[in-house]
Amino acid sequence: MTMFTPQKTGVSSLQDQQMPARITFSQRFIRNKRAVVGAVLLLIFTLGAIFAPQIAPFDAETQNIVDRLKPPSSEYLMGTDQLGRDIFSRAIYATRISMPIGVFAMLVSLTVGVSIGMLSGYFGGMLDNVLMRLTDMLLAFPVFFLLLTVTTLFGRSIEVLTLLLGFTSWGVVARVVRSQVLALRQKDFIEAANSLGASHMRIMLQHILPNTLPIIIVDATLRVALIILIEGSLSFLGVGIQPPTPSWGNMVAEGNALLRRAWWVSVFPGTFLFLCSMSFNLVGDGLRDAFDPRFGP
Amino acid sequence: MQRYLIRRLLQMIPVFIGITFITFMMISLAPGDPVVSLYPPEVLDRIDLELLRDQLGLNDPLPVQYVRMIGRFFTGELESFQERRPAMELIFDRLPSTLLLTTLAVIVALLIGLPVAIFSALKPYSWFDNVATVSVLTGLSLPQFWFALLLILIFSEQLRILPSSGIRPIDAQTYEPVEMIPYLVMPTIVLAIGLLPSIMRYSRSNMIEVLSQDYVRTAYSKGLTRRTVLIRHALPNAILPVVTLIGVIFPLLLGGAAIVETIFAIPGIGRLAVRAAQVRDLPVMLSLNIFTAVMILLSTMLTDLLYTYLDPRIRLS
């Protein structure tokens, strides 16, 4: 028995050597309790969004005036709203609205931000100047006021809202990517690729982009959390997702006037929004620690 | 110093032009007739749209229109169609309430955030630091509007110790500062919580970095007590850069103000913006965008200046 043990550890340490980065990365992530909690929450929300019709006990839009403003019970887990709709079911269906908006707006923001940061940092000079002044402008805009304005001008459909949220939130990514690219551009391997005749496009996509991925992935995750919150705020103020389409923000707004009579109408949808945003923040924070061994336990 | 100031102001010009240009383009590109959106519906059926378009110069080339809009912004001719008053007048009426609220929030956030961040930094990954990190993440994820409603539910509806609305404008004749304190408690807390995560994160990483600096090690090796090293050597250098955050959190504050002022019925520019958006009062929204953008630019410049004043190591260049 003892004779075989050394051989076994020998094998596993060989595996460690073969792909050390991956093992330590996922190990670091899994060892972080907060990150695991976030990942589990995120999984629950994702499954909830996909299987909403199977999970939700009631339809999201069917009204039942007889059962209006019923407090939480075994039939209506989180009570009913003013039109007798089941709040639990509506909150689950709202996951299908808010999460995709957050993810797709993040993708828009990332595409714009990474492209601008990459071009700016890689080519420098005049282009850098123009693009960075553009970024300054975006960052100088009071983004929430800007969103109030553009949603008023361009309409409040889900597609438009997603694009607007994406196009107004790429400033920080652009700056971060640019500074990363500036540092990477000096590295020998870029010089090597350059002297081997690789095109600018190839160097940017094959050599620089992979090295900026950790920062991009972390930013993307945290950004989804932020965008979901902003969408919630806009919908709460009545300039985001319009009822009867359920969104956590507009559900909280519906309960605003009923706070004294029916606290559950506001409290539960807000909890969903809070937990969903929290799950992305926990995962993003865990990813940041896992990517960067200097931080984290 | 003077030359630096002038150059910074000159640098603001292209950014300002850009901001007004983008605002203008948004309006021009937006679907729908600008005449329709610039005038209240009840006026529309009584007037000749084509004539109006001519009079407003909407048939002129875009550059001409752009210059005219800027002119109207500066002369204060952009009028709110809701209140039939210059938009800038509405903004200046409501500015004091917002400034009071945001200043209070910044002070509260600094008073809570700085000490907590510094204790966290002294023992990174201790239980205290872990609790602080979770609080930061919680604060980041907390929907401000929902948190505000929870506070109202608990403190106004259940305990009945704080009023949920009823604050008066600062310049009102019936304004009694002491009487207004209870009205400001919940709005300030909600707004401050929106700022805490960035303040705590930033000061914590600053402090950790400062503690690893050579001059701190030198101070220890000179035999100074931990207390002296921390208070005299580390703290000032860790806290100073937080000044630069003020410029960053300004946009955050305005977004928070829009929500908080709406919920607690505070007559500030945030509520004005929400109201204008709800009723499509475009002149007001335009003016608010330009005005707040300029405020953000100025505050960024002021924080830079303040920082160079507080930390002589930074050279103006």
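Some notes on this structure:
- Yes/no for A:Phe167 being without any contact (Cβ under 8 Å) to a residue 12 or more places away in the chain, surrounded by fewer than 20 Cβ atoms within 10 Å (Cβ to Cβ) and out of contact with any strand residue (DSSP E or B) (no Cβ under 6 Å at 6 or more places or on another chain): no
- Subset of the range A:185-202 [in a helix (DSSP H, G or I) and surrounded by fewer than 19 Cβ atoms within 10 Å (Cβ to Cβ)]: A:Arg185, A:Asp188, A:Phe189, A:Glu191, A:Ala192, A:Ala193, A:Asn194, A:Ser195, A:His200, A:Met201, A:Arg202
- Residues of the range B:277-317 that are β-branched (Val, Ile, Thr), modelled with pLDDT under 80 and within 19 Å of B:Arg7 (Cα to Cα): B:Thr308, B:Ile314.
- Count of residues meeting criterion [surrounded by 23 or more Cβ atoms within 10 Å (Cβ to Cβ), part of a loop (DSSP other than H, G, I, E, B) and more than 10 Å from chain A (Cβ to nearest Cβ)] in the range B:250-292: 3
- If you check B:Ile154, B:Ile189, B:Ile161 for being modelled with pLDDT of 90 or more and either over 24 Å from the mean Cα position of the chain (by Cα) or surrounded by fewer than 17 Cβ atoms within 10 Å (Cβ to Cβ) (or both), only one passes: B:Ile154.
- Residue, nearest to A:Val181 (Cα to Cα), within the range A:217-243, restricted to residues that are in contact (Cβ under 8 Å) with a residue 24 or more places away in the chain and part of a loop (DSSP other than H, G, I, E, B): A:Gly240
- Of the criteria (1) within 14 Å of chain A (Cβ to nearest Cβ); (2) surrounded by fewer than 21 Cβ atoms within 10 Å (Cβ to Cβ); (3) within 29 Å of A:Thr221 (Cα to Cα), which one B:Phe145 fails: (2)
- Test: residue in the range B:203-221 that is under 20 Å from the mean Cα position of the chain (by Cα) and in a helix (DSSP H, G or I): yes
- Sole residue being in contact with a helix residue (DSSP H, G or I) (Cβ under 6 Å, 6 or more places away or on another chain) and among the charged types (D, E, K, R), chosen from A:Arg156, A:Arg178, A:Arg185: A:Arg178
- Members of the range B:125-140 found to be within 9 Å of chain A (Cβ to nearest Cβ) and of a type outside the set (A, V, I, L, M, F, W, C), listed by number: B:Tyr125, B:Asn130, B:Thr133, B:Thr138
- Test: residue in the range A:34-50 that is at pLDDT below 80, of a type outside the set (A, V, I, L, M) and out of contact with any Asp or Glu (no Cβ under 9 Å at 6 or more places or on another chain): no
- Residues located in the range A:259-280, provided they are buried (at least 24 other Cβ atoms within 10 Å of the Cβ) and either within 16 Å of B:Gln144 (Cα to Cα) or in contact with a Phe, Trp or Tyr (Cβ under 7 Å, 6 or more places away or on another chain) (or both): A:Ser266, A:Pro269, A:Gly270, A:Phe272, A:Leu273, A:Cys276, A:Ser277, A:Ser279
- Annotation: of all residues in the range A:101-135 being buried (at least 19 other Cβ atoms within 10 Å of the Cβ) and within 14 Å of another protein chain (Cβ to nearest Cβ), the one that is modelled with the highest pLDDT is A:Gly102.
- The set of residues in the range B:172-227 being aromatic (Phe, Trp, Tyr) and in contact with a Phe, Trp or Tyr (Cβ under 8 Å, 6 or more places away or on another chain) consists of B:Tyr183 alone.
- Of B:Arg227, B:Arg280, B:Arg313, all but one fail to be of a type in the set (Lys, Arg) and in contact (Cβ under 8 Å) with a residue 60 or more places away in the chain; the exception is B:Arg280.
- Considering A:Val224, A:Val239, the condition of being facing another protein chain (nearest Cβ under 10 Å) and within 28 Å of B:Ser198 (Cβ to Cβ) is satisfied by A:Val239 alone.
- A:Gly79 in contact with a helix residue (DSSP H, G or I) (Cβ under 9 Å, 6 or more places away or on another chain) and under 27 Å from A:Val160 (Cβ atoms): no
- Candidates A:Pro246, A:Pro214, A:Pro210, filtered to the one that is buried (at least 22 other Cβ atoms within 10 Å of the Cβ) and either outside any loop (DSSP other than H, G, I, E, B) or of a type outside the set (D, E, K, R) (or both): A:Pro246
- Sole residue being in contact (Cβ under 8 Å) with a residue 60 or more places away in the chain and in contact with a Leu (Cβ under 9 Å, 6 or more places away or on another chain), chosen from A:Val114, A:Val103: A:Val114
- Residue within the range A:138-155 that is buried (at least 23 other Cβ atoms within 10 Å of the Cβ) and polar (S, T, N, Q) present: yes
- Any hit, the range B:169-176, residues being of a type outside the set (D, E, K, R), under 30 Å from A:Ser279 (Cα atoms) and either assigned by TED's automatic domain parsing to the domain that holds B:Gly247 or touching a His at 6+ places or on another chain (Cβ under 8 Å) (or both): no
The values are calculated or read from the model by the stated rules, or taken from the named source; none is laboratory data. Here the structure is a predicted model, which means the values were calculated and not measured. All Cβ positions, even for glycine, are placed from backbone atoms using ideal geometry, and neighbour counts span all protein chains on display.
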